[in-house]
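**Student:** Please see the structure below; I have some questions.
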Amino acid sequence: MLIRLFVTIASIVMLASMPSCQSKKGTNLQSAEAGTSEAATIGDMYFINMYGDTIRKIMKSDEEWKKELSDLEYHVLREKGTERPHVGKYTNEDRKGIYVCKGCGMPLFSSKDKFHSTCGWPSFSDIMDMSTIVKQVDYVIGYPRIELTCAKCGSHLGHVFDDGPQPTGLRYCINSISLDFIEEKN
Ligand SMILES: [Zn+2]
């Protein structure tokens, strides 16, 4: 029993230390099957990103999230709310950098994929690493939409639509409040 436990732990450690050797990106909306990301998973606790790194998911209680987030952040990230259009701080952000999850700091979007949309929310045509975002269908407003959540912490990010610019044709419509921006310094 102890030996089996040791082998299991050793396997996880080995997976976590695997070098970056893979690159895979998928971009079309048809791949957005309900409740899935393009990540390989290890049980409910881990997933593997496109570099082969094993990422441990963050599990927190509602009370813990409430202590860390403002009321509006909690409403959007943990209750799948939506911030009002045209008021988010990153809607018109044009600086070079990356956008990370507000809940856990996971890198999600690059400024190179950001474009100006008339929708009123930050819009991206692609995801940096498809394994970092989980897609699932929601019917909150009466018709199906593809909801996006962070694969690491489960925070709600926004939705993806198929009216974006080429080459992906996708528009990842994201709440500013679900993101933090890290400017790229030259
Ligand atoms: Zn997150």
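The values are calculated or read from the model by the stated rules, or taken from the named source; none is laboratory data. Keep in mind it's a predicted model, so treat the numbers as computed, not measured. As a convention, Cβ positions derive from the backbone with ideal geometry for all residues, glycine included, and neighbour counts pool all protein chains shown. To get the accessible areas, we keep the full protein, side chains included, count just its heavy atoms, and leave off ligands, DNA and RNA. Shrake-Rupley method; radii C 1.70, N 1.55, O 1.52, S 1.80 Å.
**Student:** Would you confirm whether any residue within the stretch 142-155 is farther than 26 Å from Tyr46 by Cβ, open to solvent by less than 30 Å² (accessible area, probe 1.4 Å) and more than 16 Å from the ligand (Cβ to nearest atom)?
**Tutor:** Checked the stretch 142-155: no residue is farther than 26 Å from Tyr46 by Cβ, open to solvent by less than 30 Å² (accessible area, probe 1.4 Å) and more than 16 Å from the ligand (Cβ to nearest atom).
**Student:** May I pose another question? Looking at the stretch 75-84, is at least one residue within 12 Å of Ile174 (Cα to Cα) and under 13 Å from the mean Cα position of the chain (by Cα)?
**Tutor:** Yes.
Listed here are the residues, each with its yes/no results for (1) in contact with a helix residue (DSSP H, G or I) (Cβ under 8 Å, 6 or more places away or on another chain); (2) among the hydrophobic types (A, V, I, L, M, F, W, C).
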site	(1), (2)
Gly97	yes, no
Gly105	no, no
Cys119	no, yes
Ser123	no, no
Ala151	yes, yes
His156	yes, no
Thr168	no, no
Glu183	no, no
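**Student:** Further, regarding this structure: How about the stretch 52-88: which of its residues are in contact with a helix residue (DSSP H, G or I) (Cβ under 9 Å, 6 or more places away or on another chain) and over 27 Å from Ile141 (Cα atoms)?
**Tutor:** Across the stretch 52-88, the qualifying residues are Gly52, Asp53, Thr54, Ile55, Arg56, Lys60, Glu68.
**Student:** In this structure, is Gly158 of a type outside the set (A, V, I, L, M, F, W, C), more than 10 Å from the ligand (Cβ to nearest atom) and either at pLDDT 95 or above or within 30 Å of Lys185 (Cβ to Cβ) (or both)?
**Tutor:** Yes.
**Student:** Another one. Kindly indicate whether Ser125 is in contact with a Cys (Cβ under 7 Å, 6 or more places away or on another chain) and surrounded by 15 or more Cβ atoms within 10 Å (Cβ to Cβ).
**Tutor:** It is false that Ser125 is in contact with a Cys (Cβ under 7 Å, 6 or more places away or on another chain) and surrounded by 15 or more Cβ atoms within 10 Å (Cβ to Cβ).
**Student:** Could you please give the count of residues in the stretch 123-146 that are in contact with a strand residue (DSSP E or B) (Cβ under 8 Å, 6 or more places away or on another chain) and within 25 Å of Asp53 (Cα to Cα)?
**Tutor:** 12
**Student:** Conditions first: (1) open to solvent by 10 Å² or more (accessible area, probe 1.4 Å); (2) away from the ligand (no atom under 16 Å from the Cβ); (3) under 26 Å from Asp71 (Cα atoms); (4) not in a strand (DSSP E or B). Cys173 passes all but one, so which condition is the exception?
**Tutor:** Evaluating Cys173 over (1) open to solvent by 10 Å² or more (accessible area, probe 1.4 Å); (2) away from the ligand (no atom under 16 Å from the Cβ); (3) under 26 Å from Asp71 (Cα atoms); (4) not in a strand (DSSP E or B) leaves (4) as the failure.
**Student:** How many of the residues making up the stretch 136-155 are at pLDDT 95 or above and assigned to a loop (DSSP other than H, G, I, E, B)?
**Tutor:** Selection size over the stretch 136-155: 5.
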